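The values are calculated or read from the model by the stated rules, or taken from the named source; none is laboratory data. Fair warning: this is a prediction, and the values are worked out from it, not measured in the lab. Please note: Cβ atoms are built from the backbone with ideal geometry, for glycine as well, and neighbour counts cover all protein chains shown.
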Amino acid sequence: MRRHQKTFEGEYECSALQLSTTSVIAQSSGLLEAAIDEDTVLLSIERGTCYSLNRIGSRIWGMLASPARIADVCTTLVAEYRIDRDTCERQVIDLVEELQAEGLIAKTRE
């Protein structure tokens, strides 16, 4: 995920999620998004920041339109792409932690 611009300065406090493959997460509300080819551009009006997700990040983002367990997201990705389960879980959790730090997703339950 790349952050493209920040239109104002400020410190953001985000409580860190304790994530595991059993965590259920979903997109936060209040974001604008647009698909550009296979990428997704997200705009947080609240933060004044624009983000871009590549093809696989966009696929993960789409799966988080409704609450999803990280393990279920990884099951789908392992079936669709040539990636082993452990690597997939680690990379999905890394992306989700970045999205959470920016306020783009929320943990709904364990």
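Residue check: is R85 basic (K, R), more than 10 Å from the chain's Cα centre (by Cα) and modelled with pLDDT of 95 or more?
Numbers: basic (K, R): yes; more than 10 Å from the chain's Cα centre (by Cα): yes; modelled with pLDDT of 95 or more: yes.
Yes, satisfied.
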Which ones in the stretch 51-110 are touching a Cys at 6+ places or on another chain (Cβ under 7 Å) and either buried (at least 16 other Cβ atoms within 10 Å of the Cβ) or not charged (D, E, K, R) (or both)?
C74, L77, V78, C88, E89, V92, Q100, A101, G103
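Of all residues in the stretch 1-38 being of a type in the set (A, V, I, L, M, F, W, C) and within 19 Å of C74 (Cβ to Cβ), which is modelled with the lowest pLDDT?
Within the stretch 1-38, the first condition is being of a type in the set (A, V, I, L, M, F, W, C), and the residues that meet it are 1, 8, 14, 16-17, 19, 24-26, 31-32, 34-36.
Add one more test, that the residue is within 19 Å of C74 (Cβ to Cβ), and what stays is 1, 17, 19, 24-26.
On the way: M1: 59, L17: 52, L19: 88, V24: 95, I25: 95, A26: 96.
Result: L17.
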Could you identify the single residue in V41, V73, V78 that is in a strand (DSSP E or B) and modelled with pLDDT of 95 or more?
V41
When the stretch 55-96 is examined, which residues are found to be more than 18 Å from S20 (Cβ to Cβ) and in contact (Cβ under 8 Å) with a residue 40 or more places away in the chain?
G57, S66
Take I105 and tell me if it is under 18 Å from S20 (Cα atoms), touching a strand residue (DSSP E or B) at 6+ places or on another chain (Cβ under 8 Å), at pLDDT 95 or above and among the β-branched types (V, I, T).
no
